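A.B. asks: Sharing a structure here in structure tokens format.
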Amino acid sequence: MDKGLIFDIRRYSVHDGPGIRTTVFFKGCPLNCLWCHNPESIGFDPQNIRRVRNLNGRSCMVDEVVGKTATVDDVMREILKDRLFFEESGGGVTFSGGEPLAQPAFLNALLEQCAGAGLHTALDTSGYAPPEVFLQSCSRADVLLFDIKSANREKHIRHAGVDNVPLIDNLLALTGDGPCIYIRVPVIPGFNNTPGDMLAIAEIAGRIRARVEGVDLLPFHRLGRQKYEALSMVLPPAYGPDITDGEMDELMHVFSAAGFRVKKGG
Ligand code: SF4
């Protein structure tokens, strides 16, 4: 497939893998996390969104479309503009979403083109894909940013919309050669913010310990909530209260005590 649906290409990211990165956001996600702060990433079609824009010095509401079809060549042209930043910072390209594995042919074509151009690649995924699709794309990436939201199956179904067992099975199948792995955990108050939740995730990561470079805990924020209204989507229930620095330190300690390098991500 030489084209796919994306909703953004963001430059100069320092939170999506090593160095300075350009992140390509695929549109469409089979999960439906109630805390999702990129709700425009969930739907598999372009969507209308109301945005505030500055027109001739005045703030105005304008209707725009989020999501556009792009060819592999279109995306590569944008990526290659940033080659100098990648070279100077040890960075590269990150494919995120949404869920990049939901458009595997487009993703694989981009991973191959990046490899051919000598660019470092990272794949940011929930792991939701048939096992053969997951392994095939992983084998083409340099780094895997694997999101684990909860080890608890029932909670995962209720809050993220899908069973977590196939996702975790995919992760645990990464036993041979392949990308180094960073486990990324969004820390959501009232959902997974207890040491017990983190311990259960650390136990999963421990089963592929040799492949795991580190763990990033990503603090919850509410920045995306106004987007639901702008997209005419139903506003999900609020999570809260916010997690304090002390609580975050306690959760990070669970991973460091289990022998993982851990940091607070952006
Ligand atoms: S996996 Fe990520 S993009 Fe998909 S719904 Fe959950 S938070 Fe949103």
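The values are calculated or read from the model by the stated rules, or taken from the named source; none is laboratory data. Predicted model, so just to flag it, every value in this text is computed and none were measured. Note that each Cβ is placed from the backbone with ideal geometry, even for glycine, and that neighbours are counted across all protein chains shown. When the accessible area is computed, the model is the full protein with side chains, heavy atoms only, and any ligands, DNA or RNA have been set aside. Shrake-Rupley method; radii C 1.70, N 1.55, O 1.52, S 1.80 Å.
A.B. asks: Is the shape of the range 3-264 rounded, prolate or oblate, going by the alpha carbon gyration tensor and its root eigenvalues a ≥ b ≥ c, with a/c under 1.5 for rounded and a/b larger than b/c for prolate?
C.D. replies: oblate
A.B. asks: Another question about this same structure. List, in the order given, every pair from 3/149; 27/149; 155/264; 27/263; 149/264 whose Cα-Cα distance in the structure shown is over 26 Å.
C.D. replies: With Cα atoms farther than 26 Å apart: 3/149; 27/263.
A.B. asks: Gap in Å between the Cα centre of the range 140-190 and the Cα centre of the range 96-119?
C.D. replies: 19
A.B. asks: Sticking with this one: When you count, for each residue, the other Cβ atoms within 10 Å and take the mean per peptide, how do 214-220, 111-117, 53-59 rank with the highest first?
C.D. replies: Ranked from most to least packed, the peptides come out as 214-220, 111-117, 53-59.
A.B. asks: Here's something else I'd like to know. Shape of the range 37-109 from its Cα gyration tensor (a ≥ b ≥ c, root eigenvalues): rounded if a/c is under 1.5, otherwise prolate when a/b > b/c, or oblate?
C.D. replies: It is oblate, given that a/c is not under 1.5 and a/b is not larger than b/c.
A.B. asks: With all protein chains present and a 1.4 Å probe, how do 225, 158 order by accessible area, largest first?
C.D. replies: Of 225, 158, the descending order of accessible area is 158, 225.
A.B. asks: Take every DSSP beta bridge whose two residues both sit in the chain, then give the antiparallel share in percent to the nearest 5.
C.D. replies: Bridges in the chain are about 40 percent antiparallel.
A.B. asks: Which of the three applies to the range 85-130, rounded, prolate or oblate, going by the alpha-carbon gyration tensor with a ≥ b ≥ c and a/c under 1.5 meaning rounded?
C.D. replies: oblate
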